[in-house]
1. Could you tell me which residue of segment 90-121 is nearest to ASN67 (Cα to Cα), considering only residues that are outside any loop (DSSP other than H, G, I, E, B) and of a type in the set (Val, Ile, Thr)?
2. Given the criteria surrounded by 14 or more Cβ atoms within 10 Å (Cβ to Cβ), farther than 17 Å from THR309 by Cα, at pLDDT 75 or above and in contact with a Cys (Cβ under 7 Å, 6 or more places away or on another chain), does ILE44 qualify?
3. Among the residues of segment 267-293, which ones are at pLDDT below 90, surrounded by 22 or more Cβ atoms within 10 Å (Cβ to Cβ) and under 16 Å from the mean Cα position of the chain (by Cα)?
4. Could you tell me which residue of segment 197-252 is surrounded by the most Cβ atoms within 10 Å (Cβ to Cβ), considering only residues that are in a helix (DSSP H, G or I) and of a type in the set (Ser, Thr, Tyr)?
5. Within segment 35-57, work out how many residues are closer than 13 Å to PHE238 by Cα and assigned to a helix (DSSP H, G or I).
6. Taking segment 206-226 as the region of interest, how many residues are more than 14 Å from ASN132 (Cβ to Cβ) and either touching a residue at least 12 places away in the same chain (Cβ under 8 Å) or charged (D, E, K, R) (or both)?
7. Could you go through segment 248-264 and let me know if any residue there is among the β-branched types (Val, Ile, Thr) and more than 18 Å from the chain's Cα centre (by Cα).
8. Out of LEU312, LEU307, LEU296, report the one residue that is under 28 Å from LEU20 (Cα atoms), out of contact with any Pro (no Cβ under 7 Å at 6 or more places or on another chain) and modelled with pLDDT of 90 or more.
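The values are calculated or read from the model by the stated rules, or taken from the named source; none is laboratory data. All values reported here derive from a predicted model rather than from experimental measurement. Reconstructed Cβ throughout: ideal geometry from the backbone, glycine too, with neighbour counts over all protein chains shown.
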Amino acid sequence: MNKTNTSKGYKKIYPMLKWLFSGISLYFFVKQVQSIEGRLLADIATGLTKHPIILTIIFLLALLNWNAEAKKFKLLIAGEVNLSQFKSFFIILGGMAISNFTPARTGEYIGRGLLLKKLHPMKVVIATVAGNIAQVLMTYSLGLLSVGVALFFTDFGSSLTSNSKMVYAGISLFVLLIVLHNIKDFLPWVKSKLPHKLAKTLNLVNKYDRTLYLKVIAIAFVRYLAFALQFYLLLQLFSDFSLPLTTVIFVPIAYLLQSLVPVPAVSDVGVRVGVSQMLFGAFLSDNILLQAVTCLWFINLILPGLLGTIYLVTSTIRQR
């Protein structure tokens, strides 16, 4: 099949896939929102209206979070296409529209690929994986560091370090660091095992020098801080600021434990609540934890996912 026929095929398939995934995305979002009890929604609304300034800060942190992810992707894909921050921002949201209902956020690659159809999908995957690795480094390193602090200064330390998941996280972090340090040495071997056209896409990795990737890691750190501060502020907001300041050490541990359960992001509220109960249950009631987690889930997953779904659909309409 020549390039012209391939291009025509993509023009037919891509819009169909956008509509399909947008429909599935909307269905999952609606089902998840419908599953929230009316009483819980009322409690959340009451808590948020008490502290409008804190609520504004939380939404600004959400914007910082999404823009940081967009900046990461923009830097990592710059070797292939020059994206504006605005377009990169909505490509990220489009990826979230699909990733939220797929295990381990695998739909992220699909969503971004659909919105960058002129690029080989593998290049989009490489840039996305490189950005995700930087974020995982933050989650695992800061989470494990917090576990170490908890071990020495709290009563929770021994129970956390005896958890087999901590061993898995430590091993995963070690492997990630080894791979990152030696990635360009592994690359020729990996390319030799792949078909020529697919192997060529891996040349994008050669453009990721140390300076560039340190920038990506720094942006991942900013994104992590924004997300962590959001959660802590929500816990304080719904508890009328009764949570001891020292419990901030448990936020990175919560994110670490949540990341070790590969469930679709849009349906992991139960996992988040369970982890939060284990860490903050001695200070806060289950109802407060449920309110904070549900609000965090809606602001960072449902809202951007819905915006991303709208962008997926409108991008198809504009191209007709």
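1. Step by step, filter segment 90-121, then rank; the result is ILE92.
2. Details: surrounded by 14 or more Cβ atoms within 10 Å (Cβ to Cβ): yes; farther than 17 Å from THR309 by Cα: yes; at pLDDT 75 or above: yes; in contact with a Cys (Cβ under 7 Å, 6 or more places away or on another chain): yes.
Criteria met by ILE44.
3. Across segment 267-293, the qualifying residue is only ARG272.
4. Across segment 197-252, the extreme among qualifying residues is TYR224.
5. 14
6. The number of residues fulfilling the criteria is 9.
7. In the first step, residues of segment 248-264 are kept if they are among the β-branched types (Val, Ile, Thr); the result is 248-249, 251, 253, 261, 263.
Adding the requirement that they be more than 18 Å from the chain's Cα centre (by Cα) leaves 248-249.
Yes - at least one qualifying residue is present in segment 248-264.
8. LEU296
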